[in-house]
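Worksheet: one structure, shown below.
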Amino acid sequence: MSRQRTILVTGCSSGIGRHCALRLRDAGWRVFATARNDADIEALKGEGLEALRLDYADTPSIHAAFAETMQATGGRLDALFNNGAYGQPGAVEDLTGEVLRAQFEANFFGWHELTRLAVPVMRRQNAEPGWGRGRIVHCSSILGFVPYRWRGAYNASKFALEGLFLTQRMELMDAGIHMSLIEPGPIVSRFTENGLRKFLDNIDIEGSVHAERYAKELARLKASGGVNRFRLGPEAVYAKLEHALNAPRPRAQYPVTLPSRLMARIRGITPQFLMDRLLLGSD
Ligand SMILES: NC(=O)c1ccc[n+]([C@@H]2O[C@H](COP(=O)([O-])OP(=O)(O)OC[C@H]3O[C@@H](n4cnc5c(N)ncnc54)[C@H](OP(=O)(O)O)[C@@H]3O)[C@@H](O)[C@H]2O)c1
């Protein structure tokens, strides 16, 4: 009988993380699912998952969750899915340093911290017989390679992820550890709702030179959208995660949704003035 594989998945209170954690459990993985608050952790336990508290902005919580996972698995981990994040809306000139730093703590530095804990474990076990190649998958975004108005903080954090982890991917090849980035476009989740809260909490909307345009942006954030031609459900991300975890040769980048696949194709071959028109016209 084959050994049960173990995976640590972050940001499982809702959306992509929750969906993927449950699907992985159903596929036979031993899933360590993280969330930030007690109610969400209890709900995940109720789903039969091993649930832990992890907040990327709280470094001790990253170390504690990882240590607990290692204790439960006897120091083994087959895969890590860095997923938990939020999108801070607002024009770049309206972002205080503090707000921008908070975006990077959650979306970038915390991911690096957790990845640094997982890599030595995977390096060790990959050298042992009976253990497969460790896999690390990061949930990036179409906004990890395409700039978008009012999304500077989030764009910057995801561009930074792409730079850091595409480099680390090459550095890990010799060790037999696979690293992949999933790059979704619009996915149905609580992402927009959570972003709206950050917009209201952290941006001086009335006092901004962009106040009028922000009204349009607010309306857009408030309109919750379902699945359509451009926006898919979280199962579309799971399909790519499954490939990144199981394929003999996983890809470096997995664009998900039509907008992301399209942008991945045309960037670099489209003149900037046309890209500007396309991106400014689409918001
Ligand atoms: N939905 C989209 O359109 C879309 C598109 C491209 C990429 N993505 C990426 O997909 C991933 C999952 O987002 P989602 O769409 O599933 O949105 P979501 O429903 O808002 O889920 C985000 C998850 O991240 C968690 N999170 C937020 N801040 C965190 C922190 N500091 N530390 C640890 N976890 C934190 C949230 O926990 P709380 O409930 O406690 O806040 C929640 O569990 C993110 O990396 C996001 O950038 C989403």
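Laboratory data are not the source of any read-out in this text; all were calculated from the coordinates shown. Every value quoted in this text rests on a predicted model; they were computed, and no experiment measured them. Every residue, glycine among them, receives a Cβ derived from its backbone with ideal geometry; neighbour counts consider all protein chains shown.
Points to keep in mind about this one:
- Under 21 Å from LYS240, Cα to Cα: lysines that are on another chain or at least 8 residues apart: LYS158
- Basic side chains Lys and Arg get +1 at the Cβ, acidic Asp and Glu get -1 at the Cβ, and with that the dipole of the chain about its Cα centre reaches some 1100 debye.
- Checking every one of the GluC sites (Glu not before Pro) in segment 137-226 against DSSP loop status and a limit of 16 other Cβ atoms within 10 Å picks out GLU206.
- For segment 1-26 versus segment 30-96, the spacing of their alpha-carbon centroids is 12 Å.
- The chain: angle of helix 152-172 to the longest principal axis, Cα-based, in degrees nearest 10: 30
- Of SER61, SER141, SER208, the residue with the greatest mean-square motion in the GNM of the chain, using alpha carbon springs below 10 Å, is SER208.
- Contact order normalised by residue count of the chain, Cα under 8 Å, 6+ apart, percent: 18
- Calculated mean residue ellipticity at 222 nm for the chain: -15000 deg cm²/dmol, from DSSP H runs with n ≥ 4 weighted as -39500 (n - 2.57), summed, divided by the residue count and rounded to 500.
- Cross-link partners for LYS216 among the lysines, with Cα-Cα distance under 18 Å and sequence neighbours closer than 8 places in the same chain left out: LYS198.
- Taking the C-alpha atoms only, the angle from helix 15-26 to the longest principal axis of the chain is near 20 degrees.
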